[in-house]
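The values are calculated or read from the model by the stated rules, or taken from the named source; none is laboratory data. Since the structure is predicted, the reported quantities are computational estimates derived from the model, not experimental observations. As a convention, Cβ positions derive from the backbone with ideal geometry for all residues, glycine included, and neighbour counts pool all protein chains shown. The area values use the complete protein model at the heavy-atom level, side chains included, leaving out ligands, DNA and RNA. Shrake-Rupley method; radii C 1.70, N 1.55, O 1.52, S 1.80 Å.
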Amino acid sequence: MRKYNPKLIEKKWQKYWEKNKTFEVKDDATKEKFYSLIEFPYPSGEGLHVGHPRPFTAMDVISRKKRMEGKNVLFPIGFDSFGLPTENYAIKTGKPPAEVTKKNIANFTRQLKMLGYSFDWSRAIDTSNPKYYKWTQWLFLQFFKHGLAYKKNQPINWCPKDKIGLANEEVVNGCCERCGTPVEKRNKEQWMLAITKYADKLLAGLKNVDYIERARVQQENWIGKSEGAEIVFSLRMIPGQADDKHSVTVFTTRPDTIFGATFVAVSAELAKKWLEVGWQASEEVKKYIDNILARRRASREEDLEKTGIAAGITAINPANKKEIPVWITNYVLGDVGTGAIMAVPADDDRDREFAEKYNLPIIANYSKAGFEDFGKKVIRYKLRDWVFSRQRYWGEPIPLVNCLHCGGWVPLPENELPLKLPKVAKYQPTDMGESPLATMEKWVNTKCPQCGGPAKRETDTMPNWAGSSWYFLRYADPHNDKQFASQEKLKYWMPVDWYNGGMEHVVLHLLYSRFWNIFLHDIGLVPVSEPYAKRTAHGLILAKGGEKMSKSKGNVVNPDEVVAKYGADTLRTYIMFMGPFDQAVEWDENGLVGVKRFLDKVWNLQEKIAPKIEKINLKLQTLLHQTIQKVGEDIEAMRFNTAISALMVLVNEMFKQEILLPTHYSPLLKLLSPFAPHLAEELWSVLGYKKTLVFESWPEYNLELTKESMVTLAVQINGKVRDEIIVAAETSEEEIKKLALASEKVKKWLEGKEPKKIIYVKGKLVSIVV
RNA sequence: GCCCGGGUGGCGGAAUUGGUAGACGCACAGGACUUAAAAUCCUGCGGCUUCGGCCAUGCGGGUUCGAUUCCCGCCCCGGGCACCA
C-alpha cells in the first residue's frame, strides 16, 4: 500500500473531472434540477485567502450530495470583476483594468480548481466582459423604458479621496465604506433606479421564501415600512390671527396621542422651503436654519444635543383646536416623513427631552383616535431610490445619449450594444468629479440613434452592484448572444434553490438583485418573481487573535501554502470542521493536523478490507446506519462540523476492527466524498470501481438498523445520577423499574425509604423520587 | 436606545419537544516501537476531595423528580439599525 499522497491524487482527479466534463451540466428536462449558488468572487490582485473556501466548500458539499441523490445540479462560478480596487490600481500604475482583471481571474481560476470544487466551468461568467455587460446594459434599458430609471439632481455623498459619489448604503458612520474618509455632500445629476416603487413587493416577497431569520429581518428593517397618519395643522403666521392660508402636514404613527400634542416641530429643510416661498422669519430664525443645514451638509453625523428655536408662528391642533407654537429643531429630519411632527412630550422621549429643555408644556391625554380621524392613513418606507451612477471608469457604460433635438435621453438600440468601454489615457476621475470618459470627446460626441443629429453620450458608469444584480439568470444560459437568457432555460433552472453568501450582502445585494428579478418578472422576462428560494449565510474566518484578515494587517493566510503542506481535501474538511458554519471562527493551523490524521486513517483502512467474512459485525452495522442518518441530516442543516465528527467516530470504530467489509467501507467513502472528494475517488477506484464516485447513489439508512440492541440507562435518585443499568432495548418499563430498584447503589441511597414516584424516560433513564 | 446572534474544560467546540454536561478534534502528560528523533499506536486529561462524594455550562433568583435547555431580573462580547416621528 502506498502512503496517502494528496499532491498526487488531487492533481489526478482534477484532470479526470476536467477531461470527462464531470461537472458540466445539461438542461435535462427529464431530471429534477437543483440550482446551488455561491456569491461569485471579486477577483482581487491578492488571490484567494482562506476565508473564501468556507462558503464555496459548503455549497460544494451540498452540490455533491444532491448529485448523488440523482439531482441535475447547476453549481456555477463566475467573477464580479468591475470594482474599485482594480480601478485604483489602474490609477496608480496606469495598467488597464481589463488586463489586470484577466490576470487576476486566471489566478483565481487556478486556485479554485486546486481546491477541487465541482463548478461547471463551462458556464463561467465575467461581469466586465462585453459579452456579459451587453446584457447588463440591455436590462438597464428595460428599467429606463419602463420609467424606473431617471436622472435627478440631488445632494449625493461624495468621497473626496476616492473622488466618487457613494450610495447611502456605502456610507458608514459618515465615512466612505471603502477608505474611511469622511464623506461630503455634493450636488450631482445622478441616474436613479426607482426601487421604492417596489418596496411593497420586496417586503411581501419575503413571506414566500426561506431566508435565514437574520437576513429576512435586516431586509424588513431596511425597507422600513411604517403605518401612520398624515395630519394637517393650519398655521397662523401672526399668532392669534386666523388667516386660513397656510398649513403644515405632520406624519405620526400615534394619532391617538394627538390631544397631548403641545407644539409642532419642523425640520430645517422644511423651514428653508417656507423661506423660499416668502415666509418672513426673523434674522435669528434664518440664521438658525442655515446653521443646521450647513452642519448636515458637512457630515452625516448629526448633533445629538437637541436644539431648536421658536419660529414665531403657531399651529392649530385639529383635535382640540388649541393654538400651539411651531418650533424649528435639529432633531426633526427633512427626509423623514413630511419633515414635520406634532410633538407629544408626554409620550415621546425625544419630544420630552426637547420640551424640558425649552420649558414647553407636557400633557398626558390619550384618545381612541384612529388613523383616519384627524388625517389620512399613509404607509411610509425608509427605503430610498437607488443612486445608479458612478463618475468612474471601471464600470458598465450607461447606454444612453442626450439629444437636444429629441428632447432628452435616448436609449441605444440593441444592435449598438454592447456600448464598450473605450480605452482612456488616464483612469483618474476629473477634478469636476466626472468619469474619465468625459474627457474622450470623440467618444462623447455621437449621433442620436433616433434622429441622427448630434448627441452626447452619458459618461457616468453603473455601480459595482449592477452586474451582480442578475448574474444568477445568466448562469442558466451563459453563452446566449441573442438574449440575456432564454425563457426555456430560465423556466427550467429558476429559482435558485439554495443561495449561500456573506451576512454583509444580505441587505444590499440581496435587495437589489431581488428588485431586478421582480421587475423582470413583472415585464414578463423572468418566470419567477423571487429569485432565491432559500438563503443562508456563513460566518467569517478571522485571523488568529480575532481580527479580520486583511492585506494591510499582514495576517492573510493563503490557501496555496495550506494545500501544498496538507492537501486540498484536508483544507476543505478542516474548514468545514472548524466550528458552526454560521458563526465567525478563528483560523488555527493546529486544527489541520487532526483532520489530516483523520484522512490518513481513512486511507489506511484499505488494508483491513476483506471481501469474505463469515460474521456480520452488528455493532459496526448499527453505527454505520446511525452515521448515514446523521451525516445526511447534518449536511442539509449546514452542521458540517458535527457531520465530520460523526465520520470520525465511525472511522475510529472501523480502525479498531481486524477486518473490514467493502459493504461498510464503500458507504463511508460516499459519505466522505463531498468533503474530501479526491481521496474518496481514489479509494473508490482502489475498491475496483472504474467510474467516478460523483454520480454514485447517496447511502441510505434503515431506521430499524440504527437502533441499538442494548441500551444504557441512567438511574437517578432525586434527579442525581447514582447508577447505570444496561438492558436489552425491548425490556418492559415494569422490568426496568424493578432492575433499577434492585441496584445495590440505589438501595444504599434509598436507605430503606419507599420511593414516592418512579419516572421512566424511554431509552434514557429511570428517575426515583423519595 | 432598538433588533438579531453568542457566553460551556488549557483551546475550537458537542449535547434542544427539559433527561447521564464536555461527543469529535487540538494542546498537554505517561507508556509502546526506535540507537535516537519524527511518524504511528495505547492510556490519561473540568475543578476540588477525607476517595464516600461535592462543585461546575456569564451572574442572581424561580419552576421541576430533573435546567446548558423553560420563566423573571442583570452583566459581558459580536453584528445590524438608529433623533425614522
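Solvent-accessible surface (1.4 Å probe) assigned to A:Ser709 amounts to roughly 80 Å².
Using Cα pairs closer than 8 Å and at least 6 residues apart in sequence, work out the relative contact order for segment A:76-170, in percent.
Answer for segment A:76-170 is 29 percent.
As a rough guide to protection, the peptides A:460-468, A:125-133 ranked by mean Cβ packing within 10 Å, highest first, stand as A:460-468, A:125-133.
Note on A:Cys179: accessible area approximately 50 square angstrom, rounded to 10, probe 1.4 Å, nucleic acids and ligands left out.
For segment A:33-83, the direction-averaged projected area of the alpha-carbon convex hull comes to 3.8 nm². Using θ = phi - 60° in the Karplus curve 6.51 cos²θ - 1.76 cosθ + 1.60, the 3J(HN,Hα) couplings for segment A:266-274 round to 10, 6, 5, 4, 5, 4, 4, 4, 4 Hz; x is entered for Gly and Pro.
Measure nothing but the geometry: give the 0 to 90° angle between the long axis through the Cα atoms of A:283-298 and the longest principal axis through the Cα atoms of chain A, rounded to 10°. On a 0 to 90 degree scale, this one is about 30.
A 1.4 Å probe run over segment A:327-472, with the rest of the protein chains in place, finds 48 Å² accessible per residue. Per residue, the accessible area of segment A:109-254 comes to 44 Å² when a 1.4 Å probe rolls over the protein heavy atoms. Over all Cα atoms in segment A:1-120, the spread is summed up by Rg and Dmax: 17.0, 56 Å.
Estimated at 0.36 nm per residue, the fully extended path between A:Asn604 and A:Asn221 surpasses their Cα-Cα distance by 132.5 nm.
Stokes-Einstein D for segment A:607-683 at 25 °C, 0.890 mPa s, Kirkwood Rh over Cα pairs, in µm²/s? Can you show the working numbers first?
Details: Rh = 12.9 Å.
For the chosen part, D equals 191 µm²/s.
Counting only DSSP beta bridges with both residues in chain A, the antiparallel share comes to about 75 percent. Specify which residue in the list A:Met638, A:Val715, A:Ser529 is farthest towards the positive end of the charge dipole of chain A, using unit charges on the beta carbon of Lys, Arg (+1) and Asp, Glu (-1), about the Cα centre. It is A:Met638, whose Cα lies furthest towards the positive end.
Using only side-chain charges placed at the Cβ, +1 for Lys and Arg and -1 for Asp and Glu, the dipole size of chain A relative to its Cα centre rounds to 1680 debye. Taking Cα atoms only, the orientation of helix A:84-93 departs from the longest principal axis of chain A by about 80 degrees. Modelled spin labels at A:Glu32 and A:Lys161, positioned 7 Å past Cα toward Cβ, are 5.2 nm from each other. Amide H contacts of A:Ile717: A:Arg722, A:Ile768, each under 5 Å away and 5 or more positions distant or on a separate chain (H built 1.01 Å from N in the peptide plane; Pro and chain starts excluded). Annotation for A:Lys420 and A:Asn187: the two label points, set 7 Å from Cα along the Cα-Cβ direction, are 3.9 nm apart. For the set A:Ser529, A:Ser267, the ranking by accessible area, highest first and with no ligand, DNA or RNA atoms included, is A:Ser529, A:Ser267 under a 1.4 Å probe. For the pair A:Leu404 and A:Val593, the difference between a 0.36 nm per residue extended length and the Cα-Cα distance amounts to 61.1 nm. Of the Cα atoms belonging to segment A:316-453, the radius of gyration and Dmax stand at 26.7, 69 Å. Computed in the context of the full set of protein chains, the accessible area of segment A:618-770 at 1.4 Å probe radius has 54% of its extent on carbon or sulfur. Near A:Thr127: Cβ cut-off under 10 Å, other residues only, Lys/Arg at +1 and Asp/Glu at -1. The net charge is -2. Phi angles of segment A:757-762 translate, via the Karplus equation with coefficients 6.51, -1.76, 1.60 and θ = phi - 60°, into HN-Hα couplings of 8, 10, 9, 10, 10, 3 Hz per residue; Gly and Pro are given as x.
Sequence-distant contacts, meaning Cα pairs under 8 Å at least 6 residues apart, place the relative contact order of chain A at 14 percent.
From the alpha carbon centroid of segment A:595-612 to that of segment A:318-384 is 73 Å. At the listed q of 0.19, 0.25 Å⁻¹, the Debye profile of segment A:731-770, built from one uniform point per Cα, gives log10 I(q)/I(0) equal to -0.51, -0.86.
Amide H to amide H, with H built 1.01 Å from N, A:Gln190 comes under 5 Å of A:Lys152, A:Asn153, A:Gln154, counting only residues 5 or more places away or on other chains. Projecting label points 7 angstrom from Cα along Cα→Cβ for A:Asp243 and A:Leu741 puts them 9.6 nm apart. Each listed q (0.05, 0.08 Å⁻¹) maps to a log10 I(q)/I(0) for chain A, found by the Debye formula over equal Cα scatterers with no solvent: -0.39, -0.86. The listed peptides A:670-676, A:348-354, ordered by packing as a protection proxy, come out as A:670-676, A:348-354 (highest mean of other Cβ atoms within 10 Å first).
Can you list the lysines whose alpha carbon sits under 19 Å from that of A:Lys553, skipping same-chain ones fewer than 8 residues off? Cross-link targets: A:Lys544. For chain A, the longest principal axis of the Cα atoms and the long axis of helix A:130-145 meet at an angle of about 50 degrees. For segment A:649-657, backbone phi angles converted through the Karplus equation (6.51, -1.76, 1.60; θ = phi - 60°) give residue-by-residue couplings of 4, 5, 5, 4, 5, 4, 5, 6, 7 Hz, Gly and Pro being listed as x. For the pair A:Cys451 and A:Ala728, the difference between a 0.36 nm per residue extended length and the Cα-Cα distance amounts to 90.7 nm. For A:Arg535, the residues whose modelled amide H falls within less than 5 Å of its own, excluding neighbours fewer than 5 places apart on the same chain, are A:Asp210, A:Tyr211, A:Ile212, A:Tyr499.
The distance from the alpha carbon centre of segment A:420-469 to that of segment A:483-544 is 29 Å, rounded to a whole number.
Taken over segment A:611-770, the ratio of Cα radius of gyration to 2.2 N^0.38 Å equals 1.40. Computed from the Cβ-Cβ distance with R0 of 25 Å, the FRET efficiency linking A:Ile759 to A:Ser709 stands at 0.55.
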